[in-house]
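The values are calculated or read from the model by the stated rules, or taken from the named source; none is laboratory data. In this text the structure is predicted, and so the values were computed from the model without any measurement. Quick reminder, even Gly has a Cβ in these numbers, built from the backbone with ideal geometry, and neighbours come from all protein chains shown. These accessible areas exclude ligands, DNA and RNA; they are computed on the full protein's heavy atoms, side chains included. Shrake-Rupley method; radii C 1.70, N 1.55, O 1.52, S 1.80 Å.
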Amino acid sequence: MSLAEFQYLRPRTIDEAVAFLARHEGDLEILAGGTDLIPSMRQRLFTPGYVMDIRGIAEMRGVHEDHEYTTIGALTTLTAIERHPQLRRDYPVLTEAAATVASPILRNMGTLGGNICLDTRCLWYNQSLTWRQSCGFCIKKDGDLCHVAPGGTKCWAAFSADTPPALLCLGAGIEIAGPKGVRRVLLNHFYTNEGDARMNLARNELVTRVYLPRSAAGQRGAYRKLRVRGSIDYPLAGVAVSFRLTNGHINDPQVAITAVNPAPFLVPDAHNLLNGQALDESAAAAAGDAAANISKPLTTSALTPEYRREMVKVLTKRALLSLGSRS
């Protein structure tokens, strides 16, 4: 499928990018790695008049550290994150999650900012224009019907990125640039849990940086995901965990899930269930139950909701127990 005609913009600074966003608000899509945007444009899910390629903005790349934060530019590739020695040492849950995204070729192109802002996915949405037209479209694009939850008014397309649950476990914040200046928000406040309007991000804003608290450095971390093809696919369920282990007991635990709701979530009960407990089968199973309890998978993918929800339990338990033997 060919792309619809558009005008191509290439800003060299964040200020120039923001100016383009303000000038063409509502008719512009941002191209970072392009691994999700280009296929979606081929399917006519997006038909913008302008595509803004931000890959030339050097200030949005790289990893930097001060006494308070480790800062990662939004254009830093997933491969660079996966292989970065400091991130591997200090934030292993993030590098593990980055290493599972798609394939090596796509990780070479895909960026952290793009993964954070990834569009939600659904069997009824990620299809060609002809296919969607034959079904009468859906709430997320061009229609008023949800094929997943008939009669409902909410879009249940699933958020299916791998790095956000890891970032949630680390207490990450993001920097957002727009016409009114720069603002910072916690990633935990960035997502809406609405499949058709997934982010608290205006059409004239862009994510420029990610901030990881130095206080989270050194935690043990793991990420596990369910997918049809182990070498390339989006997660159909994903779990990130992080904590410190002192004398065999868990401290400062966090568990986050992805791909089973329209947003990634921290599991609110995980801290109380795990904090101060021995890392054993019982504690891991309890955390898995808590994660499954907030999972709301519907028929947005090829696997059944029941199986995906059950796998959240399994993945949580596996991720936690895998960290018991790590030094």
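Observations on the model:
- Failed item, numbered, when Thr258 is tested on (1) in contact with a strand residue (DSSP E or B) (Cβ under 6 Å, 6 or more places away or on another chain); (2) farther than 20 Å from Arg309 by Cα; (3) of a type in the set (S, T, N, Q): (2)
- Test for Gly171: is it in contact with a strand residue (DSSP E or B) (Cβ under 7 Å, 6 or more places away or on another chain) and at positive phi: yes
- Looking only at residues in the range 272-293 that are surrounded by fewer than 16 Cβ atoms within 10 Å (Cβ to Cβ) and either at pLDDT below 95 or touching a strand residue (DSSP E or B) at 6+ places or on another chain (Cβ under 8 Å) (or both), the one that is nearest to Leu167 (Cα to Cα) is Asn275.
- Residue within the range 262-271 that is part of a loop (DSSP other than H, G, I, E, B), modelled with pLDDT of 95 or more, among the small types (Gly, Ala, Ser) and under 22 Å from the mean Cα position of the chain (by Cα) present: yes
- Scanning the range 3-15 for residues that are within 17 Å of Val207 (Cα to Cα) and crowded, with 16+ Cβ neighbours inside 10 Å gives Pro11, Ile14.
- Among the residues of the range 171-214, those identified as open to solvent by 10 Å² or more (accessible area, probe 1.4 Å), of a type in the set (A, V, I, L, M, F, W, C) and either out of contact with any Cys (no Cβ under 9 Å at 6 or more places or on another chain) or over 22 Å from Gly33 (Cβ atoms) (or both) are Val182, Val185, Leu186, Ala197, Ala202.
- All helices (runs of 4 or more DSSP H) inside the range 23-90 with 3 or more residues being polar (S, T, N, Q) and within 21 Å of the chain's Cα centre (by Cα): none
- Residues of the range 142-173 classified as outside any helix (DSSP H, G or I), under 26 Å from Gly113 (Cβ atoms) and touching a Leu at 6+ places or on another chain (Cβ under 6 Å), total: 5
- Among the residues examined, Phe159 does not qualify as open to solvent by 30 Å² or more (accessible area, probe 1.4 Å) and of a type in the set (Phe, Trp, Tyr).
- Subset of the range 39-57 [farther than 23 Å from Arg132 by Cβ and either in contact with a Phe, Trp or Tyr (Cβ under 7 Å, 6 or more places away or on another chain) or open to solvent by 50 Å² or more (accessible area, probe 1.4 Å) (or both)]: Tyr50, Met52, Asp53, Arg55
- Of the residues screened, Thr76 is not one that is of a type in the set (Val, Ile, Thr), crowded, with 23+ Cβ neighbours inside 10 Å, on the phi < 0 side of the Ramachandran plot and touching a Gly at 6+ places or on another chain (Cβ under 7 Å).
- Qualifying residues in the range 300-312 (those that are assigned to a helix (DSSP H, G or I) and open to solvent by 70 Å² or more (accessible area, probe 1.4 Å)) - the one farthest from Asn126 (Cα to Cα): Glu310
- In the range 238-261, the qualifying residues are those that are farther than 18 Å from Thr120 by Cβ and outside any strand (DSSP E or B), and the one that is most open to solvent (accessible area, probe 1.4 Å) is Asn247.
- The condition (being out of contact with any helix residue (DSSP H, G or I) (no Cβ under 7 Å at 6 or more places or on another chain), on the phi < 0 side of the Ramachandran plot and at pLDDT below 95) is satisfied by just one residue among Arg214, Arg229: Arg229.
- From Asp27, Asp36, residue being open to solvent by 50 Å² or more (accessible area, probe 1.4 Å) and not aromatic (Phe, Trp, Tyr): Asp27
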